[in-house]
Amino acid sequence: MYKIAVLPGDGIGVEIVPEAIKALQAIGEKFGHEFQFTEALIGGAAYDAVGHPLPESTLAACRESDAVLLGAIGGPKWEELPVHLRPEVGALLPLRKELGLYANLRPCMLFPSLIQASTLKEEVIAGVDLMVIRELTGGLYFGEKSREATADGGQKATDILSYSTYEIERIVRFAYETARKRRHKLCSVDKANVIETSRLWRETVTELAKEYPDVETSHMYVDNCSMQLIRNPKQFDVIVTENMFGDILTDEASMLTGSIGMLPSASIGGQVGVYEPSHGSAPDIAGQSKANPLATILSAAMMLRYSFNMEKEATVIEQAVHQVMEDGYRTPDLMEAGKNLVNTIQMGDLVKQSILKG
Ligand code: NAD
């Protein structure tokens, strides 16, 4: 029996998570696995119910599970709360810290049937298959923050950016091991021409590279990488980078796949992994059954692969998604002429049927 904590969260989170559960249940049915789902509150929904975006009971439910399926959190309703109670700062960051999730994996693979959905040219994106590994519990987002008054009547805000050798080594080793299972290429992204933490980052990668002679190592400045990702994304296999650079680059990379609604993620490193789509709570489309559930369904596939060691089952989900795309079904974010428009629930049902058939 596999215990899964389910945290739908806010906005489209409550619409897409049930579709991923359907996919997992279909896998359970097909392969004879038993998944037990325990739902808990997080984000704005938790704040509204109990006054905190990450209640202790939610953290306990996560710790007692084998993996966590997360939707998305946040929205305009909670943006004016004091910083420590805002869903992202008060729930997402502490959840990552508490569960020791230092590695965020974001695979970016283009489904051939979606080539037309991307805003980029076919010859640029055909065959893209890269993995961004983002450091998740350090850097600017976790650094000390402060404000002080200035003599001219204004204010000065400070965010501290720091990384230790230990933190860098841990994520870079993880990235090397991942590259070894792929095409043996690692590109480390930093801003070593300007930032001190990036200089330590680059020195550390250069040292570690000696232990991985079978992996081709390269270094790239983050500004160049943001350009190369859309100029020639096929040059990349594994990209490893610090927290904020990874946050920004992965949103950019999502456009290679056609929609941010296609980009799954896994956050691992501790006892319990968290699996969630790379996008947010999309308040602009929430409650309309327009959200694409595929990033969440593909995140469930990553859960099977990374937390439960079920490679075959993970592949069945990915192939089911591929089949539904091939059959021409699209949520509004991917819609193009000649395709069949479906809503969130219909897309989930199609994937489920395809899993059971496949
Ligand atoms: P967003 O990712 O929620 O939305 C950006 C755009 O992409 C929107 O136009 C949205 O409609 C679209 N989109 C996102 N997911 C989609 C899907 N599955 N299907 C179709 N379209 C989709 O980012 P945002 O608008 O910058 O942020 C909205 C809220 O989400 C904010 O409160 C933000 O802080 C929060 N957020 C949460 C997470 C998280 O929970 N991990 C991540 C990013 C942003």
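Just so it is clear, none of the values below were taken in a lab; they were calculated from the coordinates. If you're wondering where the values come from, they're calculated on a predicted model, not measured in any experiment. For neighbour counting, all protein chains shown are included, and Cβ atoms are generated from backbone atoms with ideal geometry for every residue, glycine included.
Points to keep in mind about this one:
- Of all DSSP-defined beta bridges confined to region 118-257, some 25% are antiparallel rather than parallel.
- For region 281-358, diffusion coefficient by Stokes-Einstein and Kirkwood Rh (Cα), 25 °C, 0.890 mPa s, µm²/s: 188 µm²/s
- In a DSSP loop and with at most 13 other Cβ atoms within 10 Å, the GluC sites (Glu not before Pro) in region 1-50 are Glu34.
- All alpha carbon pair distances within the chain were sorted into 10 Å bins beginning at 0; the resulting P(r) in whole percents reads 5, 24, 33, 26, 10, 1, 0.
- Relative contact order of the chain, pairs being alpha-carbon contacts under 8 Å that are 6 or more residues apart, as %: 22 percent
- Cut-off 16 Å, label 7 Å out along Cα→Cβ of Asp159, residues of region 250-281 by amide N: 250-251
- Summing Lys and Arg as +1 and Asp and Glu as -1 over all other residues whose Cβ lies under 9 Å from the Cβ of Pro53 gives a net charge of 0.
- Rh (Kirkwood; distinct C-alpha pairs) - region 118-257, Å: 16.1 Å
- GluC sites (Glu not before Pro) lying in DSSP loop within region 211-317, provided at most 10 other Cβ fall within 10 Å: Glu211
- Springs join every pair of Cα atoms under 10 Å in this Gaussian network model of the chain, and among Leu105, Leu140, Leu186 the largest mean-square fluctuation is at Leu140.
- If you model region 234-307 as an ellipsoid using its alpha carbon gyration tensor, with each semi-axis the square root of five times an eigenvalue, the axes come out at 21, 17, 12 Å, biggest first.
- Pair Asn309, Asn224: separation of 7 Å Cα→Cβ label points (nm): 4.1 nm
- Region 118-257: relative contact order in percent, alpha carbon pairs under 8 Å with at least 6 residues between: 39 percent
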